[in-house]
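First up is the structure itself, then whatever we jot down about it.
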Amino acid sequence: MSAEGAGSRFPDAWRHCVGTGRVELALRRDYQDSLALLQREIGFRYIRGHGLLCDGMGVYRPYEWRGERRVRHSFTYVDQVIDAYLELGIRPFLELGFMPGELASGDQTVFWWRGNVTPPRSHKEWAELVRATVSHLVDRYGHDEVRTWPIEVWNEPNLRDFWQGADEPAYHRLYEVTAHAVKEVDAELQVGGPAISPGADEWLDRFAEFADRRDVPVDFVSKHAYSSGPAQHVPFGVRQTLAPATDLLTQFASPRERLKGTRLAELPVHITEFNSSYRPDNPIHDTAFHAAYLAPVLAAGGDHADSFSYWTFSDMFEEAGVPTSLFHGGFGLLTHRQVKKPTYHLYAFLARMGEERLARGDDHLVTRHPDGRVTVLAWAPVDASGATPGPEGHVVRVSVPVRAGEAFVRRSTVDEEHGNARTAWRRMGSPRSPRPGQLDVLHEAAEPGRRHERVPVEGGRVVLDLTLARHEVTLVEVSAVVEEAPEWADERRLLGVVL
C-alpha cells in the first residue's frame, strides 16, 4: 500500500459537476427519474449541458408590432428546467449557446437536434439576450444563489462543427460581448471559457493574451478531455482506440501548466467535459473495462483541476439521433429506464469514501471518515489496448487502522459478472427494447456483488488481501465491531450454523 497523500484531504473534484444531454431533455420523465436516482446515491453539485438558448427552449422570440421589429425573451422552459434541478439538489453550470435561429448569421447546425453554431448577426441583440437571461435568473433565484452558478461562453469553438469556421477572433469577440453583458447584471457573477476540445491547448495561450489585452473579465478557465482515437463507423455505432488513462490526467493538468505567468494563472480550472470516447455510440461506455479504466483518473484528477465533469449522467441523449437500443454505447452512467452501468458504480463507490486520504497507489485509494470508518477503493489495472490480463487475478494488499478488537468488512464488487447489466443483456439476446420482465432482470443484474465478514484486528490494523477479477472495481468498507449480543447468546447451539 502506497503512503502517498497520507493524512491529506481527498478532493472531491470528481463530484463537482456532471454533464447532460441538451438541457431541454430535463422536461422529460425518464430524465428526471434518472437524475433523482443519481442525486440520491452520488450527489453531484452542478450539471452542465448544451442548448440553453436554442430554439427548443423558446427564449428568443422576435415579433413585429405596428411595423416595428421587437424581441420578447421568454423563460417558460428555462424556469421548469432549473426548478427541476434545484428541487433535486443540483445547480446549473450554465453554458451560453447555441445561437437562436432568428438571431444567427448563418444556417450551419450541429447534431440531430440542429443547434445553430454561427455567430450572431447582431452582437447588440446577443448582448441583450444574455442580459435578459441572466437578469431573469437573478430576479427569480436571487443574487446570492446565481453567483454560485458558473457561466461558460459557448462550447468547443476551436472545432468547425461547433463554431462556424472555428474562427478564433470571432469567438473572442463573442466572449468579450458576453462577459461584459453578464457583469453588467452583477459584477460578482462568474463567467469563463474558452471550453475548448482536446488538442487545441494553444487556444488557452491566445485566450489569456486576448483577455489581458482587452481587459476582459475571466473568472475561470474551462476545457475538455477525451482519450479516444478516430472513429471507425459501423451502423449505429463506432469503434475507437484508447490512449492510456494517464493521458486524461495530463489533459486535466495542461491549463495550469500553460497559463503560468499569465493573468489567468490562479483561476479555477474546470474540465467541463471528460470521458474516454467522445462518441455517444461507443460500446466501451457500457462496460466493466470502462469503470476500471477511469478509476485511477477519478482517484487522482483532483490534483490537477478544480472539477472534471463526466459526460454524461444519462443515455437520455440525442446528438447522434434517438438511440435504437437500450445498450448502445451512450455516454450515460445510466441507460434509459435507470439501468446502472459499471461506471455508475465507480461514482457511487467514491460517494461512500471518506474525506481524509490515507493512501493512494496505482491500483487503490484509501480514505477515512470522521467517525473512524476506513474505505478502500481498489481496481484491476487495465491495458488501454484491451488486452486481457492473466487468469490469476490482480492482488492488492492494504493495511488499514481500526480502533477495536474486531472489524466488520463489507465488500462491494463490479466486474464482468457483477454489477454489469450489459453481460446479462447480451446473454438474453441483446433485446433492443426489453420487456418489463427483462428490465427487472437487468436492474437486478446491475447491482454490485456484495459480501461481508468479521475479522480480527492485530496491532490496531487489519490487513486486507484483495484478489480482483478481470476489470474489477471494488469498494471495501471497514468499521469497528461493537458487540451487543446478550451474554446468553450461543451460536454453537443454533442448528445448521457453521462458525
Leading residue by the ranking (most open to solvent (accessible area, probe 1.4 Å)) among those in region 303-327 that are more than 19 Å from H270 (Cβ to Cβ) and either among the charged types (D, E, K, R) or not in a loop (DSSP other than H, G, I, E, B) (or both): E319
Which of the residues that make up region 172-207 are open to solvent by 10 Å² or more (accessible area, probe 1.4 Å), more than 20 Å from Y310 (Cα to Cα), within 26 Å of the chain's Cα centre (by Cα) and not acidic (D, E)? Q190, W203
What about G330, is it part of a loop (DSSP other than H, G, I, E, B) and in contact with a helix residue (DSSP H, G or I) (Cβ under 9 Å, 6 or more places away or on another chain)? yes
Given (1) at pLDDT 95 or above; (2) touching a Phe, Trp or Tyr at 6+ places or on another chain (Cβ under 7 Å), index of the condition R454 fails: (1)
Of (1) surrounded by fewer than 16 Cβ atoms within 10 Å (Cβ to Cβ); (2) outside any strand (DSSP E or B), L442 satisfies every one except (1)
Given the conditions (1) in contact (Cβ under 8 Å) with a residue 24 or more places away in the chain; (2) of a type in the set (A, V, I, L, M); (3) open to solvent by 10 Å² or more (accessible area, probe 1.4 Å), and given that A387 satisfies all but one, which numbered condition is not satisfied? (1)
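For every residue, the table says whether it meets (1) in a helix (DSSP H, G or I); (2) touching a helix residue (DSSP H, G or I) at 6+ places or on another chain (Cβ under 9 Å); (3) farther than 23 Å from H328 by Cβ.
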residue: D212; (1), (2), (3): yes, no, yes
residue: D247; (1), (2), (3): yes, no, yes
residue: S254; (1), (2), (3): yes, yes, yes
residue: T272; (1), (2), (3): no, no, yes
residue: L294; (1), (2), (3): yes, yes, no
How about region 223-258: which of its residues are open to solvent by 30 Å² or more (accessible area, probe 1.4 Å) and hydroxyl-bearing (S, T, Y)? T241, T246, T250
Over region 224-260, the set of residues among the basic types (K, R) and under 21 Å from A299 (Cβ atoms) is R256
Looking at (1) touching a His at 6+ places or on another chain (Cβ under 9 Å); (2) open to solvent by 10 Å² or more (accessible area, probe 1.4 Å), find the lone condition where G332 falls short. (2)
Can you tell me which condition V395 does not meet? The list is (1) open to solvent by less than 30 Å² (accessible area, probe 1.4 Å); (2) closer than 17 Å to A295 by Cα, and all the others hold. (1)
The listed residue being of a type outside the set (A, V, I, L, M), within 25 Å of W149 (Cα to Cα) and in a helix (DSSP H, G or I), out of G56, G51: G56
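The values are calculated or read from the model by the stated rules, or taken from the named source; none is laboratory data. For clarity, every value in this text was computed on a predicted model and none was experimentally measured. Virtual Cβ from ideal backbone geometry, glycine too; neighbours counted across all protein chains shown. Calculation scope for accessible area: heavy atoms of the full protein, side chains included, ligands and nucleic acids excluded. Shrake-Rupley method; radii C 1.70, N 1.55, O 1.52, S 1.80 Å.
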